């Protein structure tokens with residue numbers, strides 16, 4: 001993209017940049033080219049295209065207002081765009097004179113040169129026109145002579161045709177009327193006969209050709225009819241077989257369905273009988289077990305009187321027990337079974353809770369181990385980035401993390417200490433510039449360890465000297481350029497003349513505050 005406006009005065013150039021943003025105003029051949037240039041330029045701008053379109057791209061900018069401060073903003077994304085039609089200036093509009101392509105002297109020279117060229121072309125064209133005019137006059141004379149000859153020939157032809165017609169009429173008048181009519185009828189009959197003979201000859205030829213072609217077709221037709229007859233016989237035989245097979249199949253399907261239904265009914269009856277037999281077997285087994293709980297199994301049968309006597313004594317004992325305990329054996333059995341079921345449910349819940357507790361403990365230990373690992377990695381990354389930033393100034397330092405007591409301690413060794421003392425210095429004993437530079441290095445290392453989309457610093461270079469300020473600004477700009485989709489906002493009262501403004505750096509300078517110069521009214 002070349003510059004379309006040449007400004008020799010730097011002051012005028014700065015005024016145009018500050019007031020009209022000409023560094024983000026471009027000219028393009030059409031709307032699409034202008035939009036592509038603004039996208040590549042980044043940060044927004046305006047494009048004027050030759051097809052009378054005004055294309056605008058907006059930058060994503062956060063507005064900060066503060067008195068007597070310079071707002072320093074970096075961005076890495078755009079806020080959309082728009083395009084509108086421009087009103088065209090007509091050729092006869094007086095405003096078109098405000099946009100001459102060249103100065104008047106150059107334009108006058110161009111017009112005079114064009115006049116000489118046009119005059120030479122006019123003279124050559126005039127000579128060529130004269131030649132064509134002479135040729136046109138000569139051809140016109142030839143055309144007139146040929147037209148006269150044509151008129152004479154037409155007149156002679158018309159006279160000859162008139163004489164022929166008169167002679168034919170005279171001959172017809174001299175010929176008898178009967179012979180003339182018969183002659184005309186004879187001529188018409190002979191013409192009709194010749195036409196009919198010609199048609200008959202054509203039809204005879206076509207008939208012979210059709211008969212010759214039809215003989216082969218008739219032979220083929222007879223063969224096809226024989227094949228059709230054979231096929232009909234075969235189809236009748238196969239159809240009879242199919243009908244018999246269908247009847248047999250339907251009969252087999254009916255029998256199969258009947259026996260299937262009968263099998264289902266019989267299986268259902270067998271299942272019911274087996275269920276009854278199983279129930280009886282279970283009842284027999286249960287009654288046998290319950291009977292063996294009261295007394296041992298008696299192999300040999302006893303007398304009915306003896307069994308009745310034992311049964312009476314057992315019933316009396318049961319009644320006595322019911323009287324003492326206030327409940328029957330069945331009621332006590334129900335309560336025992338209910339209590340046992342509740343105990344089983346509680347034991348099941350207890351085992352489930354114990355398993356859940358163990359799983360939660362394992363998950364917590366795993367999460368703690370993973371968290372400790374992440375914490376070690378983040379702390380190590382912060383230490384390395386802090387040392388890397390300190391090395392930009394020639395310093396050496398380290399960050400001491402005490403995760404148990406939740407404390408952070410800095411150790412910084414400057415370049416003069418390296419030559420003299422050789423041990424780390426506490427940050428409280430550093431100078432103002434060294435302390436500010438160390439703080440910026442710490443903030444950059446912490447920012448690099450966490451995910452923060454917007455990062456702000458206010459008056460970070462107040463206690464810095466020029467060297468520390470220059471190194472700090474360059475270091476922060478490089479870090480911001482290396483960060484993806486992160487925005488840095490730096491606010492400082494210092495002059496930003498040493499900052500190189502690029503596609504990702506924008507400097508906003510605020511106006512100085514206006515304060516009244518009046519005196520305070522003390523009573």
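Derivation of every value follows stated rules applied to the coordinates shown; laboratory data play no part. It should be emphasised that the depicted structure is a prediction, and the values quoted were computed from it without experimental measurement. Here the Cβ is made from the backbone with ideal geometry for all residues, glycine too, and neighbour counts use every protein chain on show.
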task = For an R0 of 51 angstrom, estimate the FRET efficiency from the Cβ-Cβ distance between residue 83 and residue 138 and round to the nearest 0.05.
result = 0.20
query = 222 nm [θ] for the chain, helices only, -39500 (n - 2.57) per DSSP H run of 4+, per residue, to 500?
reply = -23500 deg cm²/dmol
ask   = So how much slack lies between residue 264 and residue 170, counting 0.36 nm per residue of separation and subtracting their Cα-Cα distance, in nm?
value = 21.6 nm
task = Fewest Cβ neighbours within 10 Å first, please rank 328, 117, 56 accordingly.
result = 117, 328, 56
task = Assuming R0 = 30 Å, can you tell me the calculated FRET efficiency for the pair residue 307 and residue 276, based on Cβ-Cβ distance, to the nearest 0.05?
result = 0.55
key: Förster-model FRET efficiency, 51 Å R0, residue 484 and residue 110, C-beta, rounded to 0.05   = 0.40
inquiry  = Quick check: residue separation of residue 289 and residue 320 times 0.36 nm, minus the Cα distance between them. What number comes out in nm?
reply    = 8.8 nm
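Count the DSSP beta bridges whose two residues both fall in the chain, then state the antiparallel fraction as a percent rounded to the nearest 5.
The answer is about 75 percent antiparallel.
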key: Contour minus Cα-Cα distance for residue 29 and residue 339 (0.36 nm per residue)   = 102.3 nm
message = Using square roots of five times the C-alpha gyration tensor eigenvalues, list the equivalent-ellipsoid semi-axes of the chain in whole Å, biggest first.
response = 102, 87, 22
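Only Cα pairs under 8 Å and at least 6 apart count here; give the relative contact order of the stretch 373-491 as a rounded whole percent.
24 percent
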note = Counted neighbours (other Cβ, 10 Å), sorted fewest up, put 389, 256, 52 in the order 256, 52, 389
query = If each residue's Cβ is checked for other Cβ atoms within 10 Å, how do 475, 332, 197 rank with the fewest at the top?
reply = 197, 332, 475
message = Under 8 Å for C-alpha pairs, at least 6 residues apart: give me the relative contact order for the chain, rounded to a whole percent.
response = 21 percent
